[in-house]
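Peer 1: Got a structure for you, questions after.
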Amino acid sequence: MIRIIMNGCNGHMGQVITELVREDAGAEIVAGIDLLNNRENGYPVFEKPEDCRAEADVMIDFSSFRAVDGILDYCRSRKLPLVLCTTGLTEEQLQKVEVCSREFAVLRSANMSLGINLLMKLIQDAAKVLASAGFDMEILEKHHRLKCDAPSGTALALADSLNEAMDHQYHYVFDRSQRHSRREDKEIGISAVRGGTIVGQHSVLFAGPDEVIELNHTAYSKTVFGKGALEAAKFLAGKGAGLYTMSDVIG
């Protein structure tokens, strides 16, 4: 049984994970941290990390980039493994994550979905065969109308996976409307759609002469991210210092 501290417990994803853990005999949330304490979760909730003294094996963080520095300091002081799910981190925070990972275990991923992270592995294998044979690579992502950033962090992570497979020879193109020239050979196009309540759709296209291969992932609810975070917590509990990703979880 792993013991979890849930940071951001009263946010949407915090509540998703709370429900998942209630149904999981192998995990228990022993405490939550959230500025808003307006509901009964079945575990104590603290407004500040430093007020939480619960014994735990791992922390899951689904909060705001504004809270990340304090959470990193808290986990460093306790050598508490951290599953860092919060996105939108600054460059300074990303550097701090790397420094902290030398002292305790940190798992960070642009997308916590097990399916997306498996897709990242599959497209690397595909790129080594298809891109080398002259296929063009394009990424299309779709999200709900309230999402502010474009392209999504997941789309960029998919592009990075493709580029890694090709020894970083490719560059990214985000807006073709300003270009009036043919497609270059070593580029990865990334397009974004925003509308409705789309949770998240990502497609990776390999377009070659007379054939197209397309690999897709669709998230129908945010529960997939909660399930991935819980699996990551189980993986990270007991791990020594280091910077881990979801690839380590599914590997």
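The values are calculated or read from the model by the stated rules, or taken from the named source; none is laboratory data. Bear in mind the structure is a predicted one, so any value in this text is a computation, not a measurement. No Cβ is skipped: glycine too gets one built from the backbone with ideal geometry, and neighbour counts run over all protein chains shown. Areas reflect the complete protein model, heavy atoms only, side chains present, ligands, DNA and RNA absent. Shrake-Rupley method; radii C 1.70, N 1.55, O 1.52, S 1.80 Å.
Peer 1: Run a plain Debye calculation on the chain (Cα atoms as equal point scatterers, no solvent) and give log10 I(q)/I(0) at q = 0.11, 0.13, 0.16, 0.18 Å⁻¹, rounded to two decimals, same order as the q list.
Peer 2: -0.63, -0.84, -1.16, -1.36
Peer 1: Using the per-residue mean of other Cβ atoms lying within 10 Å as a proxy for protection, in what order, highest first, do the peptides 125-133, 104-112 fall?
Peer 2: Answer by packing, highest mean first, reads 104-112, 125-133.
Peer 1: Per residue of the range 170-181, in order, report the coupling 6.51 cos²θ - 1.76 cosθ + 1.60 (Karplus, θ = phi - 60°) as ³J(HN,Hα) in whole Hz, putting x for Gly and Pro.
Peer 2: 9, 10, 9, 10, 9, 9, 7, 5, 8, 10, 10, 8
Peer 1: Calculate the translational D of the range 101-238 in whole µm² s⁻¹ from Stokes-Einstein, where the hydrodynamic radius comes from the Kirkwood formula applied to all Cα pairs, the temperature is 10 °C and the viscosity 1.306 mPa s.
Peer 2: 98
Peer 1: With a sphere of radius 15 Å drawn around the Cβ of R78, what net charge do the other residues whose Cβ falls strictly inside it have (Lys, Arg +1; Asp, Glu -1)?
Peer 2: Local charge sum for R78: -1.
Peer 1: Where the only charges are on Cβ atoms (+1 Lys, Arg; -1 Asp, Glu), what is the dipole of the chain about its Cα centre, to the nearest 20 debye?
Peer 2: Computed charge dipole of the chain: roughly 320 debye.
Peer 1: Can you give the calculated 222 nm mean residue ellipticity of the chain, where each DSSP H run of n ≥ 4 adds -39,500 (n - 2.57) and the sum is split over every residue, rounded to the nearest 500 deg cm²/dmol?
Peer 2: It lands at -10500 deg cm²/dmol.
Peer 1: V45's amide H: which non-local residues (gap 5+, or another chain) put their own amide H closer than 5 Å, with H modeled 1.01 Å from N in plane and none for Pro or chain starts?
Peer 2: G32
Peer 1: Under a 1.4 angstrom probe, counting protein chains only, how are M59, M166 ranked by accessible area, largest first?
Peer 2: If we order M59, M166 from most to least accessible, we get M166, M59.
Peer 1: Arranged from highest to lowest average of other beta-carbon atoms within 10 Å per residue, in what order do the peptides 182-195, 19-32, 208-221 appear?
Peer 2: Highest mean packing first, the order is 19-32, 182-195, 208-221.
Peer 1: Among bridges DSSP assigns within the chain, what percent are antiparallel (round to 5)?
Peer 2: Restricted to the chain, the bridges split so that about 35 percent are antiparallel.
Peer 1: Let me ask something additional. Convert each backbone phi in the range 123-133 into a coupling constant with the Karplus relation 6.51 cos²θ - 1.76 cosθ + 1.60 (shift: θ = phi - 60°), then list the ³J(HN,Hα) values in order as whole Hz, x for Gly and Pro.
Peer 2: Each residue of the range 123-133 in turn: 6, 5, 4, 5, 4, 4, 8, 7, 4, 5, 8 Hz.
Peer 1: Right, next: Could you tell me which of Y43, G8, V83 has its Cα farthest along the dipole of the range 1-120 towards the positive end, charges placed at Cβ (Lys, Arg +1; Asp, Glu -1), taken about the Cα centre?
Peer 2: V83
Peer 1: Something else about it: Using Cα atoms only, what is the angle between the long axis of helix 65-78 and the major principal axis of the chain, expressed in degrees (0 to 90) to the nearest 10?
Peer 2: 50
Peer 1: Let me ask another. Between D248 and V30, what is the label-to-label distance in nm when each label sits 7 Å out along the Cα-to-Cβ direction?
Peer 2: 2.1
Peer 1: Quick one: grab the alpha carbon gyration tensor of the range 176-231, order the square roots of its eigenvalues as a ≥ b ≥ c, and give me rounded if a/c is under 1.5, else prolate or oblate depending on whether a/b is larger than b/c.
Peer 2: Cα axes put the range 176-231 in the prolate bin.
Peer 1: Say R0 is 35 Å: what FRET efficiency, to the nearest 0.05, do T197 and R22 get from their beta-carbon distance?
Peer 2: FRET efficiency, T197 to R22: 0.85.
Peer 1: Let me ask you something else. Give me the compactness ratio for the range 127-184, meaning the Cα radius of gyration over 2.2 N^0.38 Å.
Peer 2: With N residues counted in the range 127-184, Rg over 2.2 N^0.38 Å equals 1.27.
Peer 1: Can you work out the FRET efficiency for the pair S132 and H171, with r the C-beta to C-beta distance and R0 = 25 Å, to the nearest 0.05?
Peer 2: Rounded to the nearest 0.05, the efficiency is 0.90.
Peer 1: Determine, for each peptide in 79-88, 37-46, the mean count of other beta carbons within 10 angstrom over its residues, then list the peptides with the highest first.
Peer 2: Result, highest mean Cβ count within 10 Å first: 79-88, 37-46.
Peer 1: Okay, moving on. Per residue and in cubic angstrom, what volume does the convex hull of the Cα atoms of the range 26-158 have?
Peer 2: Roughly 160 Å³ of hull volume per residue.
Peer 1: Using θ = phi - 60° and the Karplus curve 6.51 cos²θ - 1.76 cosθ + 1.60, what whole-Hz ³J(HN,Hα) does each residue of the range 91-96 get, with Gly and Pro shown as x?
Peer 2: 4, 5, 5, 4, 5, 5
Peer 1: With everything on Cα atoms, drop me the angle between helix 12-22 and the longest principal axis of the chain, reported from 0 to 90° to the nearest 10.
Peer 2: Around 60 degrees separate the two axes.
Peer 1: Same structure again: Please give, to one decimal in nm, the separation of the simple spin-label points placed at D185 and L146, each 7 Å out from Cα toward the Cβ.
Peer 2: 4.6
Peer 1: Tell me the angle of helix 223-236 to the major Cα principal axis of the chain, expressed in degrees between 0 and 90 and rounded to the nearest ten.
Peer 2: The angle comes out near 70 degrees.
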